[in-house]
There are 2 protein chains.
Amino acid sequence: MNAAAIVVIGNEILSGKVQDRNSPFLIRELRELGVPVKRVATIPDEVDVIGETVRRYADRFAHVITCGGIGPTLDDVTFEGIARAFDLPLRPEPALERVIREHVGERITDAHLRMTKLPEGTELLWAEGLPWPATYIRNVLALPGSPELVEKKWRAIRERFRASPFVLCRIYLGIDEAAIAADLQAVDAAFPSVDIGSYPVFAPVDHETEITLECKDAEVVAAAKQALLSRLEPSVVVRIE
Amino acid sequence: MNAAAIVVIGNEILSGKVQDRNSPFLIRELRELGVPVKRVATIPDEVDVIGETVRRYADRFAHVITCGGIGPTLDDVTFEGIARAFDLPLRPEPALERVIREHVGERITDAHLRMTKLPEGTELLWAEGLPWPATYIRNVLALPGSPELVEKKWRAIRERFRASPFVLCRIYLGIDEAAIAADLQAVDAAFPSVDIGSYPVFAPVDHETEITLECKDAEVVAAAKQALLSRLEPSVVVRIE
C-alpha cells in the first residue's frame, strides 16, 4: 500500500523545549494527497536509533519522511542514521557544496561542509525559491527541523506524493457510543474496506458521539453510511457531513 | 535509566482528524518530574502493532504510557494489544465493572462491559475525583484518549513518577550555529553527561542561535556553561537564562 511513516528527530522535542509542528502539518498534507500515514515516531538525535527506525519503516511503507537533524552541529546526525539504515557510505556531494558556498560565502566552516556529506545515491530535489535542495535517499525524504523550512521544501515537492483521494463521512449522534457499539461492529464486518472511527465528545455541544466512515471509494462510503443509518433510531442522528 | 516512552494510539490522529495534545502534555509533565522521554510513537488501532510497540518499549524503558483505545467501541483495542505484548489473558475485573455499573446505570451494554476486560494482573489506581481508576499493567500506564480525561487521571497519579529534576541552561548567541560547531563539539567531549542542543533561529529576533545545556547535576551544567563561554567571543553572547 502507498502508505507513509513520519520520523521526527530531535532531543528538543522529547525534552519539551519545542513542540513538534511538523508531523501534524505533514499528516494533513499527506492525507489531502491521498497518502495514509501509518506511523509517527519521535526519536532522539542518536545514529543507531535513527538507523533502526528508518530501516524498519522503509521496509514496510512506501514513503518515510524524516524531519530534523540535517544541520551543521554535533546533534545533526540524521544523514549518518539514514546511511546506517541502508548500509551506505557518506560521500561529499559537490552540487550541494556549491550552493552552500554560494549561500554562506566567506563565513564557511567545516561545520557547513559537514552538511554536504550525504548517503551514497542521495537524489537532490531542486525547486525554485529554495536556497538548497531537498534530499531523497531510496524511499526516505529527509527534511529539516525548522517548520518554516519544512513547509517551504514540502510545498515545492509535494506533488510527487499525490495518490487517489480519501472520501470521509462524519455522522454526529446524540447518544453514548457504547449504545451503538454493536451496530458499528456489524457495519465494520459488512464493509471491511471502510475505516470506522467512534469518538465520544465530553465538551457540551449538540452531540455525544462522532462517527467517521472513510475509504477511497465514495460509493462504498455511501453504502456503509446507509447501512449504519438504517440500524439507528432517526432521532439520535444530529447531523451528517 | 528511569526513562519513559509514550505510545499514542489512534487512527483519528494518524488521519489528521484530531491533533494529538496528550504527548506534548505528558512530555512536559514527565520532564518537570525529572523523567526523560526517549520515544513517542503514534500508531493505529491495531492489536498486533500495539502489542509489538508496547513490548519493545516496555523491555527498554522504565515506564511506558499509552493514550487512547480503552473505550467501548470496536476501535478500542489497547488492552488486547497490551495483553498481546506480555502474553497475558484478558480477564473481567469485578471492581471496574462495579464502578462502570454505578456510573452508567441502566443504560449499560455489552460494549460497556467490554471495558472491564483487562490483562491479568492489571493494577487499578484509584484516586479521589476520578469516576473510575487508571490502569497499570506491569510498567505500562494505559490512559484514555480524551485530553480532558488524560489530564485528570494523570494529575491524580503523577507523583508516583517523580525523579530527580533536570537543570537547564540556555545561551542565546548572535552568531550562526555553524561558526561555533567546533566549540560545541569540544564542550560535548569534555562533559559527556551534559545534553547539548543547538538550534538555529529563523525568526527576526535578537539572536541567531540558541544553545541548551542540560543534565541532572547543577554543578556540571555550570561548569559546561563556563567552558563554552570561555571559548566564545563575549560580544556574540546575547543573554544567558
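Okay, here's what the table says:
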| item | result |
| --- | --- |
| Translational D in µm²/s for the range B:87-154 (Stokes-Einstein at 10 °C, 1.306 mPa s, Kirkwood Rh from C-alpha pairs) | 125 |
| Karplus 3J(HN,Hα) series, Hz, for the range B:68-78 with 6.51 cos²θ - 1.76 cosθ + 1.60 (x for Gly, Pro) | x, x, 10, x, x, 9, 5, 8, 9, 10, 5 |
| Derived scalar couplings ³J(HN,Hα) [the range B:47-61; Karplus, 6.51 cos²θ - 1.76 cosθ + 1.60; whole Hz; x for Gly, Pro] | 3, 5, 5, 4, x, 5, 5, 4, 4, 4, 6, 5, 6, 9, 10 |
| Per-selection metrics, chain A (Cα): Rg and Dmax in Å | 22.3, 73 |
| Nonlocal amide H pairs with A:Arg39, under 5 Å, H built at 1.01 Å | A:Ile6 |
| Loop trypsin sites (Lys or Arg not before Pro), the range B:15-74, which have at most 10 other Cβ atoms in a 10 Å radius of their Cβ (DSSP) | none |
| HN-Hα J in Hz across the range A:157-166 - Karplus 6.51, -1.76, 1.60, θ = phi - 60°, x for Gly and Pro | 10, 4, 4, 5, 9, 4, 10, 6, x, 8 |
| Built amide H within the under 5 Å cut-off of A:Ala3, gap 5+ | A:Ala62, A:His63 |
| Net charge of neighbours whose Cβ lies under 12 Å from the Cβ of A:Ala182, counting Lys and Arg as +1 and Asp and Glu as -1 | -2 |
| Other protein chain Cβ atoms within 10 Å, averaged over every residue that makes up B:203-211 | 1 |
| Rh by Kirkwood over Cα pairs, then Stokes-Einstein D for the range B:1-132 at 1.306 mPa s and 10 °C, µm²/s | 100 |
| Length gained when the stretch B:Arg56-B:Arg91 is fully extended (0.36 nm per residue, less Cα-Cα span) | 10.3 nm |
| Cα point-scatterer Debye curve for the range A:79-122, base-10 log of I(q)/I(0) at q = 0.16, 0.27 Å⁻¹ | -0.43, -0.88 |
| A:Lys216 long-range amide H proximity, modeled H, under 5 Å | A:Val167 |
| Simple Cβ-charge dipole of the range B:34-124, Lys/Arg +1 and Asp/Glu -1, about Cα centre, in debye nearest 20 | 320 |
| The protein assembly as shown: C-alpha pair distances exceeding 39 Å, % | 29 |
| Computed [θ] at 222 nm, deg cm²/dmol, chain A (DSSP H ≥ 4; -39,500 (n - 2.57); rounded to nearest 500) | -11000 deg cm²/dmol |
| Above-threshold pairs, the threshold being 30 Å between Cα atoms, out of A:Lys225/B:Lys152; B:Lys17/B:Lys216; B:Lys152/B:Lys216 | A:Lys225/B:Lys152; B:Lys17/B:Lys216 |
| Dipole-positive endmost among B:Ala83, B:Val99, B:Thr109 within chain B (Cβ charges, Cα centre) | B:Val99 |
| Rotationally averaged projected area of the range A:167-240 (alpha carbon convex hull; nm²) | 4.4 |
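Readers should treat all values here as calculations from the given coordinates under stated rules, not as data from a laboratory. Keep in mind the model is a prediction, meaning the values are calculated, not measured. Note that each Cβ is placed from the backbone with ideal geometry, even for glycine, and that neighbours are counted across all protein chains shown.
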